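Contents: one structure, followed by commentary.
What follows draws every value from the coordinates through simple rules; no lab data is involved. None of the values given here were measured: they were computed from a predicted structure. Reconstructed Cβ throughout: ideal geometry from the backbone, glycine too, with neighbour counts over all protein chains shown.
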Amino acid sequence: MELLRACLGSLARQTGVTFETIVVDNGSTDGSVDLAEREFAARVIRNRENRGFCAANNQGIAAARGEFIALLNNDTEAEPGWLAALHRACAERPEIGMAASKVLVWEDPRRIDKAGHLIFPDGQNRGRGTGAFDTGQFDREEEVLWPDGCAAMYRKAMLDQIGGFDEDFFAYGDDAELGLRARIAGWRCLYTPAAVVRHHRGSTLGKDSALRLELIERNRLLLVFKLFPWSLLALNPFYFLARVGAGLLAARRGAGDTAHFPGMRGLWAMARAFLRGNLGALRMAPRMLRKRSQIGPLRKLSPAEVRRLILAHRLSLRDTA
């Protein structure tokens, strides 16, 4: 609840733009609903159970009355000019369907959490600049692949055209799927460094959560089945093996996700999460392939252009591991 109080408090300090605040509550029992209504006069949508990040966002999007939709996770705090900066980025250029924030690590705001997104050709995606010291290298407004869903703005007309979050993803990788689907439909994404947010990383499930790893692994493959051009989909096993190999080398140094899963028991937990994620994705593959066939009417980029877009914003193997 304290995370939500800080988040809503940061929204109350926004300047330069008129907005409404909608809180979607996924079955909390800690008084969050009362806090949002009484202290911050937010509109609250109450779910009896946890419907996941995707479904909750779709509920909020459907209820929103604005021309632009800003998403802000409850584990973030926005600087006072955040919302106005995102609004300006979208409003000035009609081809911009998404705007990305400069997200800093809450515990150490000298470090970047993400400044837009990059993707590895096997579907694994990660924030641009994750973990790097903020030395001004991301202080230029520029086009990026898509925004991170923890702090982003979307044009309502774009969402009406292409649809909202794919609820089969539940959580993790969902912003990547929506972002790539929007790019395929011809929309662009602008990163604006003036939109600054601080983020408590991994506060939803925790960095040491096997379920988190399982969902990330499952959803990167669902993304591939649904949206990747066939030429990259055919190469997916090779890129996947390269990423796993790099991850094993990182594990020997105690780096990467292995740092949160120490010892042989931790590595075994990671391996099981990987296996469950991939098997889960294979079970859902027919469903994703049916959805793939529905993308056609939205398509503005050819498969070759989508391939070039992905490779132009490619995450390095080292950063992936």
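From the P(r) of the chain, could you give the percentage of C-alpha pairs in the tail past 34 Å? Counting pairs separated by more than 34 Å, the tail of P(r) holds 19 percent. Computed from backbone phi, the HN-Hα couplings of region 61-68 come to 4, 5, 7, 5, 10, x, 6, 10 Hz, rounded to whole numbers (Karplus: 6.51 cos²θ - 1.76 cosθ + 1.60, θ = phi - 60°; Gly and Pro given as x). For region 25-115, GluC sites (Glu not before Pro) meeting the loop criterion (DSSP other than H, G, I, E, B) and having at most 15 other Cβ atoms within 10 Å: GLU49, GLU67, GLU92, GLU95, GLU107. Among the trypsin sites (Lys or Arg not before Pro) found in region 94-123, those both in a DSSP coil and sparsely packed, with 12 or fewer other Cβ atoms within 10 Å of their Cβ, are ARG110. Put in order of Cβ neighbour count within 10 Å, fewest first, the listed residues LEU232, LEU282, LEU309 become LEU282, LEU309, LEU232.
Annotation: extensible slack from ARG38 through ILE295 equals 88.2 nm (criterion: 0.36 nm per residue apart, minus Cα-Cα distance). When only alpha carbons of region 130-217 are considered, Rg and Dmax amount to 14.6, 38 Å.
Positive end of the dipole of the chain (Cβ unit charges, origin at the Cα centre): among LEU301, HIS117, GLY31, the Cα lying farthest that way belongs to LEU301. In a reduced charge model with +1 at each Lys and Arg Cβ and -1 at each Asp and Glu Cβ, region 108-150 shows a dipole moment near 140 debye about its Cα centre.
Taking the DSSP bridge list for region 2-199 and keeping only pairs wholly inside it, about 60 percent are antiparallel.
Between LYS156 and ARG111, the modelled label-to-label distance comes to 3.9 nm, taking each label 7 Å out from Cα in the direction of the beta carbon. Each residue of region 313-321 is assigned a 3J(HN,Hα), and the resulting list reads 10, 6, 7, 5, 4, 5, 5, 5, 6 Hz, derived from the Karplus form 6.51 cos²θ - 1.76 cosθ + 1.60 (θ = phi - 60°), x at Gly and Pro. Spin-label model, TRP268 to LEU211: label points 7 Å out along the Cα-to-beta-carbon direction sit 2.2 nm apart. Shown for ARG43, ARG212: other C-beta atoms within 10 Å of each C-beta, ranked fewest to most, produce the order ARG43, ARG212.
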